Every structure is written in structure tokens, then in C-alpha cells.
Amino acid sequence: MKKIVFASVMALASFGLVVAPALRAQQTGTIQIKDPAEFNAYQMAITQPNPKAKAEAMESFLQTYPQSVVKKAVLDMLVDTYQSMGEADKTLNAASRLLQVDPNDMKAIFISVFIKKNECMKTSDVQACDDAGMLAKKGLAVPKPADVSDDDWKKQTAATYPIFHSAIATDYLLGKKDVKAAISEYRTELMLYPPDQTKSGPGLVDTLQLAEAYTKPEARDLVQAVWFYARAWNFAPPAYKAQIEPKMEYYYKKYHGNLDGLDAVKTQAAATVFPPGTFQISAAPTPAELAHKAIVETPDLTTLNLSDKEFILASGTKEDADKVWAVMKDQVTPVPGIVIEASPTVIKLAVSQDAKDAKTADFIVNMKKPLDDKDVPAVGFEFGLQPKAELDGTYDSYTQVPATGNMLQTVQIVLRDGFIQPEKKPAARKPAPARRKTTH
């Protein structure tokens with residue numbers, strides 16, 4: 001989306017119910033401007049029909065009358081005007097100035113949180129993440145204003161509190177790298193939404209975020225992860241279903257051993273936001289048992305796909321791993337994965353989903369010839385994602401890496417004679433032979 005969407009329709013509607021009446025009261029008698037010139041400038045500014053002209057006039061008014069009795073009201077209208085124009089930076093600036101006048105202005109806090117959270121999610125900038133989290137905590141602590149009814153306050157907090165908890169969760173996840181605290185905040189957020197509001201908008205997005213958080217090594221709970229992936233999958237638009245489903249199936253299969261029973265989980269997750277207390281997924285056989293089963297049930301080990309081969313190398317007994325390595329060693333293969341580290345002579349990649357999650361390299365490709373500096377791939381580049389981007393190498397050695405802490409046993413595979421496939425240019429089209437005229 002080109003314009004920033006500051007909140008769900010429900011949140012903005014709630015603000016309209018509780019904020020607009022208070023502003024009208026300020027402008028119609030509660031606050032009076034005694035200076036005629038100031039009054040005329042104020043009227044001229046707020047009655048401009050064009051948003052850009054209105055914003056410019058209000059900025060001019062604030063500069064001319066910095067201590068005006070209607071400063072708060074003008075700043076509030078300025079926030080709305082910049083928001084209607086899709087000007088995120090100017091909206092944030094106006095909201096920040098409004099908070100200088102009234103540190104407890106819920107609307108200014110809410111909009112500031114939303115913009116800062118978006119910035120945090122787009123850039124992972126620690127300062128933006130921390131700002132969003134700090135402002136969100138401030139919003140949760142704002143007391144009910146005396147002139148706001150209990151009913152209006154309930155509507156306002158229902159619209160804002162979930163977003164505040166979402167921002168705090170995002171700060172924990174991307175800023176402070178505290179996954180367990182992020183999970184707690186995401187769960188609190190989803191509890192505050194009516195169930196239907198988790199089927200779209202921020203509630204659906206953060207259902208998926210919660211699923212992702214449960215896959216992180218420091219807080220891994222694959223039963224919970226599968227549930228929230230299934231919940232998000234049920235209500236995601238078709239394009240996003242296609243992205244969610246492979247992860248849901250991967251982690252379900254990783255925990256359960258196969259995909260039997262996943263459809264039942266999807267059905268259950270469509271009915272409720274959180275899994276019932278009795279929900280469980282039966283655990284799969286141990287990784288070593290699964291690796292041996294794959295060996296026994298696969299007559300031709302060369303037919304195993306790369307992920308299955310890597311799984312056996314990582315999790316199988318030395319005997320089973322050596323059987324798979326015997327059909328891999330000295331074979332040339334493409335290496336599809338995300339670049340973790342690269343130099344002209346060595347490229348390290350995360351190929352398995354576990355390695356991608358942990359941002360660690362499980363494949364090391366030693367190049368046959370040093371690359372030119374301009375050809376060294378950037379960290380984060382993904383080979384195999386585009387047809388023209390292929391890294392090849394020859395299997396050379398493997399090492400099983402024992403489990404440590406929250407990390408399961410893994411494997412590191414080394415390849416030699418690496419090279420990047422040159423882009424294939426389309427063959428030149430030959431002109432069609434001229435048609436010979438026939439004579440009668």
C-alpha cells in the first residue's frame with residue numbers, strides 16, 4: 001500500500017465517537033479567543049476546504065500565535081488533516097507537538113504508536129521499536145479524562161489497547177529480542193479483540209506473528225505454532241494462504257512426523273482464537289527414528305530430496321548418515337538458500353528452514369575461483385528464489401553438530417568448486433525464410 005493506514009476502520013470509528021464531541025465543545029464556547037485578529041486567523045485556518053491549504057494555514061496560525069488558547073484544538077485538527085493527506089511524517093510531528101501540550105492525549109499517543117510501529121516493522125530500527133513500545137505503555141497508563149463518559153472510554157480503550165499491546169510485542173520481538181515477552185503481549189492483544197476482529201486486519205496479522213514467534217529457538221512450542229498458523233491460514237487472503245501453508249505443514253510434520261490430522265487442526269482453529277486446554281498433537285518418533293525409517297523405506301537413496309537428505313545427515317545415526325552421504329559425496333548440486341556470510345572465496349548459506357529461522361549457515365560453499373567483488377552476493381540474498389540466481393558446488397564433507405541448549409542436533413555441509421551460474425541469454429531468433437513466389 002502506498003499510503004499508511006493508521007488503524008483499522010473500527011479503531012478510527014471509535015475515535016470519531018469520543019473525540020469529535022469534545023473538540024466541538026472547545027470551539028463553541030468553552031474556550032474563547034479575545035483577540036479579533038487571532039480569532040479571524042483561526043476561523044480562516046480551520047475553514048479552508050482544501051486539506052493542503054488548511055494544513056498550511058493552521059501551521060501559520062500556530063507560528064503566529066504559539067500560546068493561543070486553541071493551540072491544542074488546532075494541533076488536533078492538524079493531526080487529522082495530515083492523516084487525511086497520507087502524510088505520515090507530518091502526522092507524527094503534529095501528534096508529537098500535541099503531546100507536548102497534553103501528554104495524556106490518547107489520540108496523539110495512539111497515532112504516534114501506530115506510525116512508529118510501522119516504521120519498526122519496516123526497518124527493524126531499534127529506536128523506532130523502542131519509541132513505539134514506550135508510547136504504547138504510556139497509552140495503557142493514561143487515566144480516563146473527567147469529561148469522557150465511561151461508555152466512551154470503554155469504546156476508546158477497546159480500539160486502542162490491542163494496538164498498544166501489538167506495538168509492545170513488536171518492540172520486544174524486533175527491538176529487545178525478547179521472544180517470550182513478545183509472545184505474552186501478542187496473546188494479551190488477541191484476548192482483547194472480539195473473535196471476529198482476529199479474522200482480518202491487525203488481529204489476523206498478529207495471529208501470524210504469534211505463530212512465527214513460537215517457532216523461534218528461545219521460545220519454541222511447535223504445538224502452539226501450528227495452532228496459530230492454522231488459525232491465520234483459515235482467514236488469510238488466498239495469496240497469503242500459499243505462503244502460510246508450507247510453514248504450517250513443515251512444523252506440523254516436524255513435530256508429528258507426517259501430515260495426518262492436520263486438517264482436523266485447521267477445522268478446530270477456525271472455531272476459536274486460542275486452542276482449548278485439551279488440545280494436543282501427538283509427538284513424532286525421534287529424529288533418529290524418522291531418519292532410519294526414511295533409509296529403510298527408500299530403496300534408491302538418490303531419489304531423496306535435499307531437505308530429506310539434510311535431515312538424515314543431521315539427525316540420523318552415523319551409520320544412516322554415512323549411507324546418505326555415500327550417494328551425495330562428489331556430486332554437483334545447486335544450493336538454494338539465504339546468504340548468511342559471503343566473501344570472494346566462501347559463501348555460507350542457510351538452506352533448511354531451521355537454519356533460516358536461526359539465521360545460521362548449514363551449507364558452506366568454497367568457490368572454485370575467487371569472485372570479483374561486484375559479484376559477491378549480499379547477506380540476505382536468496383539463491384534459488386529466482387531462476388537466474390543459481391549457486392552450484394560439489395559435495396565435499398559433512399559434520400554433525402550436537403544439540404546445545406534450545407538448538408536441536410544439526411549438520412554442516414561443505415561443498416567445493418563452487419560457482420555461480422552465468423545468466424543464460426536467450427538464443428537469437430533466426431529470421432523466417434523468405435517465401436518464394438510461385439509462378440503458374
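The values are calculated or read from the model by the stated rules, or taken from the named source; none is laboratory data. Source: prediction; values computed, not measured. Here the Cβ is made from the backbone with ideal geometry for all residues, glycine too, and neighbour counts use every protein chain on show.
Of the residues that sit in segment 379-406 and are part of a strand (DSSP E or B) and touching a helix residue (DSSP H, G or I) at 6+ places or on another chain (Cβ under 6 Å), which one is modelled with the highest pLDDT? Looking at residues that are part of a strand (DSSP E or B) and touching a helix residue (DSSP H, G or I) at 6+ places or on another chain (Cβ under 6 Å), I get Tyr395. Condition (residue is in contact with a strand residue (DSSP E or B) (Cβ under 7 Å, 6 or more places away or on another chain) and under 24 Å from Lys177 (Cα atoms)) applied to segment 393-405: is it met by at least one residue? The answer is no; no qualifying residue exists. Evaluation of Ala264 against the conditions (1) modelled with pLDDT of 95 or more; (2) within 18 Å of Asp196 (Cβ to Cβ) shows that the sole unmet condition is (2). Within segment 209-251, restricting attention to residues that are within 22 Å of Lys180 (Cβ to Cβ) and basic (Lys, Arg), the residue that is surrounded by the fewest Cβ atoms within 10 Å (Cβ to Cβ) is Arg220.
The residues on offer are Thr91, Thr64, and the sole one that is over 21 Å from Gln32 (Cβ atoms) and among the β-branched types (Val, Ile, Thr) is Thr91. Counting only helices (runs of 4 or more DSSP H) that sit wholly inside segment 186-297, not one has at least 3 residues that are in contact with a strand residue (DSSP E or B) (Cβ under 7 Å, 6 or more places away or on another chain) and not charged (D, E, K, R).
Residue check: is Thr404 loosely packed, with under 12 Cβ neighbours inside 10 Å, among the hydroxyl-bearing types (Ser, Thr, Tyr) and outside the structural domain of Asp300 (by TED's automatic domain parsing)? Don't jump to the end; show me each part of the working.
Values: loosely packed, with under 12 Cβ neighbours inside 10 Å: yes; among the hydroxyl-bearing types (Ser, Thr, Tyr): yes; outside the structural domain of Asp300 (by TED's automatic domain parsing): yes.
Against the criterion (loosely packed, with under 12 Cβ neighbours inside 10 Å, among the hydroxyl-bearing types (Ser, Thr, Tyr) and outside the structural domain of Asp300 (by TED's automatic domain parsing)), Thr404 qualifies.
Any residue at all in segment 262-276 that is surrounded by fewer than 21 Cβ atoms within 10 Å (Cβ to Cβ) and within 24 Å of Phe311 (Cα to Cα)? There is at least one residue in segment 262-276 that is surrounded by fewer than 21 Cβ atoms within 10 Å (Cβ to Cβ) and within 24 Å of Phe311 (Cα to Cα).
Rundown of residues vs (1) outside the structural domain of Ala358 (by TED's automatic domain parsing); (2) in contact (Cβ under 8 Å) with a residue 24 or more places away in the chain; (3) hydrophobic (A, V, I, L, M, F, W, C), yes/no style:
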{"site": "Thr278", "(1), (2), (3)": "yes, no, no"}
{"site": "Ala294", "(1), (2), (3)": "yes, no, yes"}
{"site": "Leu306", "(1), (2), (3)": "yes, yes, yes"}
{"site": "Asp320", "(1), (2), (3)": "yes, yes, no"}
{"site": "Lys323", "(1), (2), (3)": "yes, yes, no"}
{"site": "Pro336", "(1), (2), (3)": "no, yes, no"}
{"site": "Glu341", "(1), (2), (3)": "no, yes, no"}
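Scanning segment 213-261 for residues that are of a type in the set (D, E, K, R), farther than 22 Å from Lys199 by Cβ and more than 16 Å from the chain's Cα centre (by Cα) turns up Glu218, Arg220, Asp221, Lys253, Lys254, Asp260.
Considering segment 407-434 alone, what residues qualify as being modelled with pLDDT of 60 or more and part of a loop (DSSP other than H, G, I, E, B)? Selection gives Leu408, Gln409, Gln421, Pro422, Glu423.
From the residues in segment 315-366 that are more than 34 Å from the chain's Cα centre (by Cα) and assigned to a loop (DSSP other than H, G, I, E, B), which one is nearest to Ala284 (Cα to Cα)?
Applying the first criterion (more than 34 Å from the chain's Cα centre (by Cα)) to segment 315-366 yields 317-332.
Subset that is assigned to a loop (DSSP other than H, G, I, E, B): 317, 329-331.
Details: Thr317: 17, Lys329: 29, Asp330: 33, Gln331: 32 Å.
Here the residue is Thr317.
Just one of the listed residues (Leu210, Leu192) is within 28 Å of Thr160 (Cβ to Cβ), of a type in the set (A, V, I, L, M, F, W, C) and touching a Pro at 6+ places or on another chain (Cβ under 9 Å), namely Leu192. Is it true that some residue in segment 193-207 is closer than 27 Å to Tyr251 by Cα, surrounded by 21 or more Cβ atoms within 10 Å (Cβ to Cβ), in contact (Cβ under 8 Å) with a residue 40 or more places away in the chain and touching a Lys or Arg at 6+ places or on another chain (Cβ under 9 Å)? Yes: segment 193-207 contains one or more residues that are closer than 27 Å to Tyr251 by Cα, surrounded by 21 or more Cβ atoms within 10 Å (Cβ to Cβ), in contact (Cβ under 8 Å) with a residue 40 or more places away in the chain and touching a Lys or Arg at 6+ places or on another chain (Cβ under 9 Å).
The number of residues in segment 210-264 being over 22 Å from Tyr172 (Cα atoms) and among the small types (Gly, Ala, Ser) comes to 7.
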